[in-house]
Amino acid sequence: MIPAGSTETNRSEPALHDATSEPTVYEYRVLATSKTSTMEKELNEAADAGYRFGAVMGGETSFGGSEVVVVMSRETSTSGEPRFQYKLLAASKTSTMQKELQEAGDAGFEAVGQTVFSSTFGGDEIVVIVERDADNPAPSYEYKLLATKKTGTLQKELLEAGDAGFDLVGLTVSKTRFGGTELVSIMRRKRAE
């Protein structure tokens with residue numbers, strides 16, 4: 001069994017350079033908080049300093065207790081100009097997350113990270129980080145959340161969504177106040193122009 005929050009979505013884009021050039025050097029910024037509202041503010045402050053989302057994980061940390069931890073990075077050779085904007089979506093009900101994610105997609109954001117976070121109100125919240133790139137606007141996406149307790153059902157629902165043109169962009173295992181333990185998948189497809 002996969003423990004809650006152990007499968008996370010992370011941006012991974014290897015640096016490309018030829019053998020004669022200097023290797024790319026990165027700076028990292030680690031953000032950690034027990035409040036999701038604080039994390040959105042910190043994400044955007046780091047973005048204003050030229051950082052971009054890299055990875056997210058929710059869980060127990062040694063000193064902070066239950067926290068959302070985000071790692072952001074930037075190339076040291078770049079100007080550090082603000083380019084990205086972030087929203088952090090958090091919900092304990094998949095129907096609420098579906099609505100919030102679609103609203104963010106309609107506003108030009110795309111899902112880049114997903115985790116599970118233990119809320120102070122009991123149960124876990126699904127946390128999705130969405131990003132908007134000022135230089136390269138994202139295509140318009142239609143989002144679909146799949147939530148099920150059984151892997152067999154997940155397989156069937158993924159195949160059906162895939163047949164309808166949806167691509168998998170995130171998967172977590174979550175204990176919610178309302179649905180018990182669920183496999184939560186985020187799917188998306190480009191909207192017709």
Query raised in the report: Of all the residues that make up the range 86-114, how many are open to solvent by 50 Å² or more (accessible area, probe 1.4 Å) and either closer than 14 Å to residue 129 by Cα or assigned to a helix (DSSP H, G or I) (or both)?
Result: 8
Query raised in the report: With 52, 83, 74 as the choices, which residue is under 15 Å from the mean Cα position of the chain (by Cα) and either surrounded by fewer than 17 Cβ atoms within 10 Å (Cβ to Cβ) or charged (D, E, K, R) (or both)?
Result: 52
Query - Residues that are under 16 Å from the mean Cα position of the chain (by Cα) and more than 16 Å from residue 96 (Cα to Cα), drawn from the range 138-153 - result: 138, 141
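Counting only residues that are open to solvent by 50 Å² or more (accessible area, probe 1.4 Å) and either among the hydrophobic types (A, V, I, L, M, F, W, C) or modelled with pLDDT of 85 or more (or both), how many does the range 57-70 have?
Filtering the range 57-70 for residues open to solvent by 50 Å² or more (accessible area, probe 1.4 Å) gives 57, 60, 62-63.
Those still in the list that are either among the hydrophobic types (A, V, I, L, M, F, W, C) or modelled with pLDDT of 85 or more (or both) too: 57, 63.
Summing the residues that are open to solvent by 50 Å² or more (accessible area, probe 1.4 Å) and either among the hydrophobic types (A, V, I, L, M, F, W, C) or modelled with pLDDT of 85 or more (or both) in the range 57-70 gives 2.
State all residues of the range 166-182 that are surrounded by 12 or more Cβ atoms within 10 Å (Cβ to Cβ) and either modelled with pLDDT under 90 or among the small types (Gly, Ala, Ser) (or both); if no residue qualifies, say none. Can you show your working first?
If we filter the range 166-182 for residues that are surrounded by 12 or more Cβ atoms within 10 Å (Cβ to Cβ), which is where we start, we get 166-177, 179, 181-182.
Within the range 166-182, 170, 172, 173, 174, 175, 176, 177, 179, 181, 182 meet the criteria.
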Query raised in the report: Scanning for something surrounded by fewer than 21 Cβ atoms within 10 Å (Cβ to Cβ), closer than 18 Å to residue 40 by Cβ and either modelled with pLDDT of 90 or more or within 12 Å of the chain's Cα centre (by Cα) (or both), does the range 116-129 turn up at least one residue?
Result: no
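Do we have residue 37 as among the hydroxyl-bearing types (Ser, Thr, Tyr), surrounded by fewer than 13 Cβ atoms within 10 Å (Cβ to Cβ) and outside any helix (DSSP H, G or I) here? Lay out the reasoning, then the answer.
Values: among the hydroxyl-bearing types (Ser, Thr, Tyr): yes; surrounded by fewer than 13 Cβ atoms within 10 Å (Cβ to Cβ): yes; outside any helix (DSSP H, G or I): no.
So residue 37 fails the test.
Filtering the range 130-161 down to residues that are open to solvent by less than 40 Å² (accessible area, probe 1.4 Å) and over 20 Å from residue 90 (Cα atoms), which residue is modelled with the lowest pLDDT?
Only one residue tops the list, namely 138.
The values are calculated or read from the model by the stated rules, or taken from the named source; none is laboratory data. Here the structure is a predicted model, which means the values were calculated and not measured. For neighbour counting, all protein chains shown are included, and Cβ atoms are generated from backbone atoms with ideal geometry for every residue, glycine included. Surface areas here come from the heavy atoms of the whole protein model, side chains and all, with no ligands, DNA or RNA. Shrake-Rupley method; radii C 1.70, N 1.55, O 1.52, S 1.80 Å.
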